[in-house]
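Taking it in order: structure first as structure tokens, then the write-up.
The values are calculated or read from the model by the stated rules, or taken from the named source; none is laboratory data. As the structure is a prediction and not an experimental result, all values here were calculated from the model. We place every Cβ from the backbone using ideal geometry, glycine too, and count neighbours over all the protein chains shown.
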Amino acid sequence: MAITYTWTIPTTERNLSDGGITTIHWRCTGVDGDYSAASYGTTSRTYDSSSSDFIEYNDVTEANCIEWVQEDVSEAEIEAALAAKIEADKNPTSAAGTPWAA
């Protein structure tokens, strides 16, 4: 089964004076059947509220934020790390426990 990756934005932080988003909190989750892994992070954002491409806070979409995040972090590296975690969970090479309690 192929891993399905989902990028979401749990929250943002903004300046109240002009509504510019300064920090984006992001999460990427990978799911492969019964196995999953997630990564969470934040990215800072610099903007120019007088720019023609400035988006007013109330008009910003989750897709806008995901695009901004993926301009700052490596989508491929994050998804590769999640794939490695899922693969390790599917095929463990070590375990913990006590043999007398099994």
Margin query: I need the full set of residues from region 56-77 which are at pLDDT 95 or above and in a loop (DSSP other than H, G, I, E, B), in order please.
Written below: Val60, Thr61, Val73, Ser74
Margin query: Between a residue in region 59-78 that is without any contact (Cβ under 8 Å) to a residue 24 or more places away in the chain and any residue that is surrounded by 15 or more Cβ atoms within 10 Å (Cβ to Cβ), which pairs come within a Cβ distance under 7 Å, given they are 6 or more apart or on different chains?
Written below: Asn64/Ile55
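This table checks each residue for (1) closer than 25 Å to Ser17 by Cα; (2) surrounded by fewer than 13 Cβ atoms within 10 Å (Cβ to Cβ); (3) of a type in the set (Gly, Ala, Ser); (4) under 20 Å from the mean Cα position of the chain (by Cα).
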position	(1), (2), (3), (4)
Phe54	yes, no, no, no
Ile66	yes, no, no, yes
Glu87	no, no, no, yes
Lys90	no, yes, no, no
Ser94	no, yes, yes, no
Checklist line | Count - residues of region 82-102 that are assigned to a loop (DSSP other than H, G, I, E, B) and closer than 27 Å to Tyr5 by Cβ | finding: 4
Check: Of all residues in region 6-53, which are of a type in the set (D, E, K, R) and over 19 Å from Ala76 (Cβ atoms)?
Finding: Glu13, Arg14, Asp18, Asp34, Arg45, Asp48, Asp53
Margin query: Suppose we filter region 7-48 for residues that are exposed (fewer than 12 other Cβ atoms within 10 Å of the Cβ), of a type in the set (Ser, Thr, Tyr) and either modelled with pLDDT of 95 or more or in contact with an Asp or Glu (Cβ under 8 Å, 6 or more places away or on another chain) (or both); how many remain?
Written below: 3
Checklist line | Among the residues listed as Ile3, Ile66, Ile21, Ile78, the single one being touching a helix residue (DSSP H, G or I) at 6+ places or on another chain (Cβ under 6 Å) and aliphatic (A, V, I, L, M) | finding: Ile3
